Structure formats: structure tokens, C-alpha cells
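The values are calculated or read from the model by the stated rules, or taken from the named source; none is laboratory data. Being a predicted model, the structure only gives us computed values, none of them experimental. Every residue, glycine as well, gets a Cβ built from its backbone with ideal geometry; the counts of neighbours run over all protein chains shown. Accessible surface areas use protein heavy atoms only, side chains included; no ligands, DNA or RNA. Shrake-Rupley method; radii C 1.70, N 1.55, O 1.52, S 1.80 Å.
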Amino acid sequence: MSKELKIPFAEILKKAEEYKPDMTRFLRDMIAIPSESCDEEKVVLRIKEEMEKVGFDKVDIDPQGNVLGYIGHGKHIIAMDAHIDTVGVGNLNNWTFDPYEGYEDEETIGGRGASDQEGGMASMVYAGKIIKDLGLEDDYTLVVTGTVQEEDCDGLCWQYIINETGLRPEFVVSTEPTDCNIYRGQRGRMEIRVDVSGISCHGSAPERGDNAIFKMDPILNEIHELSNNLGDDEFLGKGTLTVSEVFFTSPSRCAVADSCAISIDRRLTWGETWEGALDEIRALPAVKAADAKVSMYNYDRPAYTGLVYETECYFPAWVLPEDHLVTKVTSDCFELLFDKKPLVDKWTFSTNGVSIMGRYGIPVVGFGPGKEPEAHAPNEKTWKDHLVKCAAMYAAIPGMYLHNLEKP
């Protein structure tokens, strides 16, 4: 006989609704603190304050600057993650309100980070309070992580957490925006650089030199053609590439350029590898003709704490199987809370799952407030009812997981 399910879903949902004003206030506080990558210290301290206020058992800030809040002391380690850095605000003329002052109305909260993804942190912290209020602690330890540098280098924070602190959860809930759907995978990505050398001379007699910008031109055309012939996957979709930056050097505006370089944002679908992505560019005729150098970027920017944790700019694709226990647990929680079946899908963009599952094989499932199209966009916003739904889900998932583990 199966063990009786004793999770009070209706009470969890009621509590989450009660805490909507608190989550709104907390999210607006976070939005008001500029927290671009490598400058997250003030928002980390604000999160620590809120975790302690609502009754987390322990709150730590690690040497990289990630904030980790703990609920419970059980043997099953479950983590929930939100990166709490944001991108910049871009051209302020594209905003109809101040991105840090933000706004709220009956339904929405606006500001940089509202969807991507400080809303997830607000819901997680109040899920911890719901667990405490309703006595839902069991034989698990819930670790709520507010992680840094994701916008700069997704997954770096979890490389550090896993490798240097030894924390290895049984699974992780990513609270990146999913429009309150369940996501179970994403394409990978990598950052590629192509360098071409030339010889400078006076611009009045360009035939005396070797113009590196002209040499890059056929490479760009062939890369564009290559972008239409990349891998495809039934679930994750097509691999893509785009040229995202162009650089050059020249002695002056009256001289021939002696170097040219481009950056490529390469999205990797299932089955594509970083080695293969480099090799397909190296094999292009124009790349060979120009003797171009094709390489992968490294990331070595210091965290706000001063810590440098260098890594290559490769972020693997990952997919949680549809029949995996964690997928089932999350789907069951959704159905029991909201009395309908969830949409199970995938992210278009990249998340910390590239390290958690992509590098280390720890299962990741996504469920978060906000919507992907709001990320990095002007007039970013999220929805108050999303905060409520997500807080309820996060409070229920650990107990549901244990229930499924204990089934005979």
C-alpha cells in the first residue's frame, strides 16, 4: 500500500496568497538595488536580511559571494536556485518608467530583474516561510541559493559551489522565468572568437598592405551560410549562431586595418559539441585561406568579493527526461495545487543548469515567475500571481519528492 500523501496543498496555496504583499515588497526592494554581474553585494545582503527575518535556519555567503539559505536538517539535500545579478538597463529612452524605481499595479511589478530573475528569489524565500509556518520540514535540507555572475558566465557560480564547497543536491529547481510552466531542458552555448591578421599601410595606397577587414568579409559570408546548416533536435530545436561583436585595429582612420576579429554566440542543440562547433568554423574555406585563428573565450572576471574563478566559455546543453522522477514530482505538485495539467517545455535561453546538469549530471527542473521575453528587455515586468504560484510550488516540492522516494 502506498504511503498516504499528507501535504496540505490548499493551506500552502492560501499561505502563498497571504504573503503576496510581502513578496511584492521584497522584490521591489531587490529591483531598487542595481546588481549587475560582479556588483551584487548590496542585493545579496538584502536577501540575507530577508532570509533571516522569515526564519531560515542558517544563512551563509560563500567566498564567491553567493548567498545560501538553509531550511531543515534532513539527509536529502534539495536546492532551489535564482541568479540575483541582472543585465544593465540599456538605452533609458526605451523605458517608460525608471528601471530601478520600478512600479507596481494590481497585477504586475516592473523593473530591471523583475522577471530575470529576482522574482524567483522572492518566491523561494517566502516558500521557506510557508514551510516553517505549516511545519512541513521533513527528512530534507532545502538550500535556497542566490547566485552571482550568471549574466556574465552562466553556471560559473554552481561550478564554484559544487567544486569548492562540496554541496551536491539530489536535484535543483531553477527559478528562471518559465511563465509558471515546467521546463526540463535548454540548448547549450559557447562563445567563439575568430581572429584575422593583416598588414597596415597608408590608406592612400592600400595595395601596399593587407586589409584584415576585407579578409574577414568572406569569412562572415560563409559563417552566415553555416548558420543555416546546424544540428537539430526534436525537443531542444536547432543549433544557432550569430556574430555578436566585431573588433579591429588600425594605426589610424587613414590606414589599412592590421587585424580584425569577431565574436560568435553559438547555441548548441542536443548532440552538438564544443569541439565540433570549433572544427566546423575552422573547416570553412575562407577561414583556411585567411589563416584565421578560431578559439573559445575564457572568463576570468573577478566576483564582487575579488575571487577569480576562471572557466572556458562553454555551457553544455541538458535535458531532464520526461519520465524522470523529478519531472513527475514537479508535475504532480502542479496538478494537486492548481487542479490542471502543466505545460512541460524548455527554455530558449541559457541558465545555471548548464553546470548543474550539463557538467555535473545533477537533475534540474525549471519553474519560475515571469516570462522569457521580458528578460533583458526594456520595461521588464513580472506578475504578482506568478509569485504566489511559485511560492506554493517551492513549498510543496520537497515533501512531494520525499513522498515519492518512500513509495514501496
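Report whether or not Ile31 is crowded, with 23+ Cβ neighbours inside 10 Å, more than 27 Å from Val308 (Cβ to Cβ) and in contact with an Asp or Glu (Cβ under 7 Å, 6 or more places away or on another chain). Yes.
For Thr327, the conditions (1) surrounded by fewer than 23 Cβ atoms within 10 Å (Cβ to Cβ); (2) more than 21 Å from Trp270 (Cα to Cα); (3) at pLDDT 95 or above are fulfilled apart from (2). Sort out which residues of segment 271-285 are in contact with a Gly (Cβ under 9 Å, 6 or more places away or on another chain) and open to solvent by 80 Å² or more (accessible area, probe 1.4 Å), and write them in order of number. Selection gives Trp274 alone. Scanning segment 156-170 for residues that are in a helix (DSSP H, G or I), over 16 Å from the mean Cα position of the chain (by Cα) and not charged (D, E, K, R) yields a total of 3. Could you check segment 369-387 and list, in sequence order, the residues that are outside any strand (DSSP E or B) and open to solvent by 10 Å² or more (accessible area, probe 1.4 Å)? If the condition is that a residue be outside any strand (DSSP E or B) and open to solvent by 10 Å² or more (accessible area, probe 1.4 Å), then Lys371, Glu372, Pro373, Glu374, Ala375, His376, Ala377, Pro378, Asn379, Lys384, Asp385, His386 are the ones that fit.
Per-residue answers, yes or no, for (1) of a type outside the set (Lys, Arg); (2) more than 31 Å from the chain's Cα centre (by Cα):
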position: Ile182; (1), (2): yes, no
position: Arg187; (1), (2): no, no
position: Ser197; (1), (2): yes, yes
position: Ala205; (1), (2): yes, yes
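Does Arg301 count as in a strand (DSSP E or B), of a type in the set (Lys, Arg) and farther than 20 Å from Asp217 by Cβ? Against the criterion (in a strand (DSSP E or B), of a type in the set (Lys, Arg) and farther than 20 Å from Asp217 by Cβ), Arg301 does not qualify. None of Leu134, Leu142, Leu92 is among the aliphatic types (A, V, I, L, M) and free of Cβ contacts under 8 Å to residues at least 12 places away in the same chain except Leu92. Summed over segment 174-220, residues that are of a type in the set (Asp, Glu), assigned to a strand (DSSP E or B) and farther than 18 Å from Thr249 by Cα total 1. Is it the case, given these coordinates, that Lys340 is in a loop (DSSP other than H, G, I, E, B), of a type outside the set (S, T, N, Q) and either more than 13 Å from Ala114 (Cβ to Cβ) or touching a residue at least 24 places away in the same chain (Cβ under 8 Å) (or both)? When the stated conditions are applied, Lys340 passes them.
Open to solvent by 20 Å² or more (accessible area, probe 1.4 Å), over 27 Å from the mean Cα position of the chain (by Cα) and of a type in the set (Lys, Arg), is that true of Lys238?
Against the criterion (open to solvent by 20 Å² or more (accessible area, probe 1.4 Å), over 27 Å from the mean Cα position of the chain (by Cα) and of a type in the set (Lys, Arg)), Lys238 does not qualify.
With the condition kept exactly as written, say whether any residue in segment 345-354 is over 24 Å from Gly113 (Cβ atoms), touching a residue at least 60 places away in the same chain (Cβ under 8 Å) and out of contact with any His (no Cβ under 8 Å at 6 or more places or on another chain). Steps first, answer last, please.
Here is the first cut: in segment 345-354, the ones over 24 Å from Gly113 (Cβ atoms) are none.
The answer is no; no qualifying residue exists.
Total residues in segment 245-274 satisfying the condition of being without any contact (Cβ under 8 Å) to a residue 60 or more places away in the chain, small (Gly, Ala, Ser) and farther than 18 Å from Ala317 by Cβ: the figure is 4.
In the list Ala286, Ala292, Ala277, which residue meets the criterion of being among the small types (Gly, Ala, Ser), in contact with a Ser or Thr (Cβ under 9 Å, 6 or more places away or on another chain) and touching a residue at least 12 places away in the same chain (Cβ under 8 Å)?
Details: Ala286 fails: in contact with a Ser or Thr (Cβ under 9 Å, 6 or more places away or on another chain); Ala277 fails: in contact with a Ser or Thr (Cβ under 9 Å, 6 or more places away or on another chain).
Only one candidate qualifies: Ala292.
May I ask you to list the residues in segment 350-368 that are assigned to a loop (DSSP other than H, G, I, E, B) and of a type in the set (A, V, I, L, M)? Scanning segment 350-368 gives Met357, Ile362.
Val173 falls short of the stated requirement of being under 30 Å from Glu118 (Cα atoms), β-branched (Val, Ile, Thr), surrounded by fewer than 20 Cβ atoms within 10 Å (Cβ to Cβ) and within 26 Å of the chain's Cα centre (by Cα). Screening segment 64-101 for residues that are out of contact with any Phe, Trp or Tyr (no Cβ under 8 Å at 6 or more places or on another chain) and buried (at least 21 other Cβ atoms within 10 Å of the Cβ) and picking the one that is farthest from Thr351 (Cα to Cα) gives Pro99.
The set of residues in segment 126-146 being closer than 18 Å to Lys389 by Cβ and assigned to a helix (DSSP H, G or I) consists of Tyr126, Ala127, Gly128, Lys129, Ile130, Ile131, Asp133.
Please determine whether any residue of segment 308-315 is open to solvent by 10 Å² or more (accessible area, probe 1.4 Å), part of a loop (DSSP other than H, G, I, E, B) and without any contact (Cβ under 8 Å) to a residue 40 or more places away in the chain.
Taking segment 308-315 first, the residues open to solvent by 10 Å² or more (accessible area, probe 1.4 Å) are 308-310, 312, 314.
Right, trim to part of a loop (DSSP other than H, G, I, E, B) and you get 308-310.
Pick out the ones that are also without any contact (Cβ under 8 Å) to a residue 40 or more places away in the chain and you get 308, 310.
Within segment 308-315 (the criterion being open to solvent by 10 Å² or more (accessible area, probe 1.4 Å), part of a loop (DSSP other than H, G, I, E, B) and without any contact (Cβ under 8 Å) to a residue 40 or more places away in the chain), the answer is yes, since at least one residue qualifies.
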